[in-house]
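The values are calculated or read from the model by the stated rules, or taken from the named source; none is laboratory data. Bear in mind that the values here come from a model prediction, so they are computed numbers and not experimental data. Note that we place each Cβ from the backbone using ideal geometry, even for glycine, and neighbour counts take in every protein chain shown. Accessible surface is based on the protein model in full, side chains and every heavy atom, while ligands, DNA and RNA are left aside. Shrake-Rupley method; radii C 1.70, N 1.55, O 1.52, S 1.80 Å.
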Amino acid sequence: MPQGIQQQERGTSVVDLIGNTPLLRLRRFEQLCPGVELYAKAEWQNPGGSVKDRPAASMIAAGIARGALTAEKTLLDATSGNTGIAYAMIGAASGYRVKLCMPTNATPERKTILQAYGAELVYTDPMDGSDGAILRARRLYAESPDEYFYPDQYNNDANWRAHYDGTGKEIIEQTDGRVTHFVAGLGTSGTFMGVGRRLREFAEERGRPVTLVSVQPDSPLHGLEGLKHMETAIVPGIYDEELADADLRIGTEQAYQAVRRLATDEGLLVGPSSGAALAAAVTVAQQQREGVVVTIFCDGGEKYLTQRFWDE
Ligand code: PMP
């Protein structure tokens with residue numbers, strides 16, 4: 001995984017480590033929903049530390065395949081952090097320059113990681129959120145289209161396809177096809193769309209249902225890094241709200257509480273969007289008598305250690 005970036009004759013590249021993450025069983029939280037099995041995909045086990053390694057690798061491979069990414073070009077995109085880290089890591093490993101637009105209030109840990117990989121950072125006004133970074137990237141690209149490869153993760157089918165081909169397929173294999181509910185947060189929506197489509201197709205082939213539940217922050221101003229409040233954001237072109245059977249809203253405090261409990265009760269140090277995913281997954285699981293509920297833990301907690309919510 002994934003094909004097409006850099007084929008090495010012998011030896012493993014960091015890009016080869018992307019995907020095939022473990023599916024963790026959350027036994028302590030299963031006590032809250034008797035009869036239901038609860039699992040999370042450990043996406044922070046990807047080499048760049050998040051789920052976004054998958055779409056970044058997929059979009060870069062697709063760009064190389066159609067000739068849009070060549071050695072002379074700089075990869076340019078807007079990212080709240082994890083996609084940028086993935087681009088920067090893969091760019092460093094594969095010899096591509098990387099330039100990223102992001103709000104100045106991205107966590108210091110993320111900025112340091114990006115700088116360590118040698119990426120160039122373009123900061124945007126934190127009041128404009130991730131949308132401000134998107135608009136800046138669009139403008140830079142419009143000014144010099146020949147200079148850049150602009151994958152535009154919000155409108156690139158290779159984003160959700162990475163999850164259709166990878167994450168979704170893995171979830172089917174790792175649950176022996178028993179998954180009944182899939183719960184995931186919406187950022188670009190690539191994870192939800194790709195996994196959701198794969199699971200829906202699989203369920204239809206088998207003639208039994210699967211329930212797809214998307215998760216959003218409950219207000220425009222939230223602390224759930226990586227997630228979008230769609231009503232008040234630029235809606236990603238790859239997002240189709242029709243795919244979800246239900247859409248749950250999770251508050252920032254609720255997610256933080258879940259993050260703290262994942263650390264103390266399961267020994268899992270994950271980021272705020274994983275807390276939101278867990279809170280939503282437990283809500284879904286509590287409405288069932290039996291079933292196999294799978295969610296995604298998008299990144300680890302290390303990048304958020306300077307935030308205050310750990311102490312509360
Ligand atoms: N959580 C985190 C920490 C993320 O970085 C992202 C990506 N923006 C998401 C969740 C949402 O994933 P997706 O973009 O696939 O919707």
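Values for this structure:
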quantity: With DNA, RNA and ligands ignored, accessible area of residue 205 (1.4 Å probe; Å², nearest 10); calculated: 150
quantity: Net dipole in debye of the chain [+1 Lys, Arg Cβ; -1 Asp, Glu Cβ; about Cα centre; nearest 20]; calculated: 400
quantity: Average accessible surface area per residue within the chain, 1.4 Å rolling probe, Å²; calculated: 43
quantity: Simple spin-label estimate for residue 116 and residue 265 in nanometres, 7 Å along Cα-Cβ; calculated: 3.2
quantity: Dipole magnitude (debye, nearest 20) for region 120-235, charges at Cβ of Lys, Arg, Asp, Glu; calculated: 540
quantity: Relative contact order (percent, whole number), region 227-312, Cα cutoff 8 Å, 6+ residue spacing; calculated: 26
quantity: Net length gained if the chain between residue 257 and residue 71 were fully extended (0.36 nm per residue, minus Cα distance); calculated: 62.4 nm
quantity: Gained length - residue 143 relative to residue 241, 0.36 nm times residue gap less alpha-carbon distance; calculated: 32.0 nm
quantity: Mean Cβ count within 10 Å, highest first, over the residues of peptides 265-278, 124-137; calculated: 265-278, 124-137
quantity: Across 99/169; 41/99; 52/228; 73/228; 169/303, pairs whose alpha-carbon gap is larger than 25 Å; calculated: 99/169; 41/99; 73/228; 169/303
quantity: Dipole magnitude (debye, nearest 20) for region 220-312, charges at Cβ of Lys, Arg, Asp, Glu; calculated: 260
quantity: Inter-label distance for residue 249 and residue 127, nm, one decimal - labels placed 7 Å from Cα along Cα-to-Cβ; calculated: 2.5
quantity: Exposure ranking of 201, 143 by accessible area [1.4 Å probe, largest first]; calculated: 143, 201
quantity: Cα centroid separation, region 151-193 to region 34-89 (Å); calculated: 12
quantity: Accessible surface of residue 229 - all protein chains present, 1.4 Å probe, nearest 10 Å²; calculated: 20
quantity: The chain, relative contact order in percent, only Cα pairs under 8 angstrom and at least six apart counted; calculated: 21
quantity: Per DSSP, loop trypsin sites (Lys or Arg not before Pro) in region 165-208 with at most 13 further Cβ within 10 Å; calculated: 178
quantity: Furthest towards positive pole of dipole, 134, 123, 144, structure part region 106-160, Cβ charges; calculated: 123
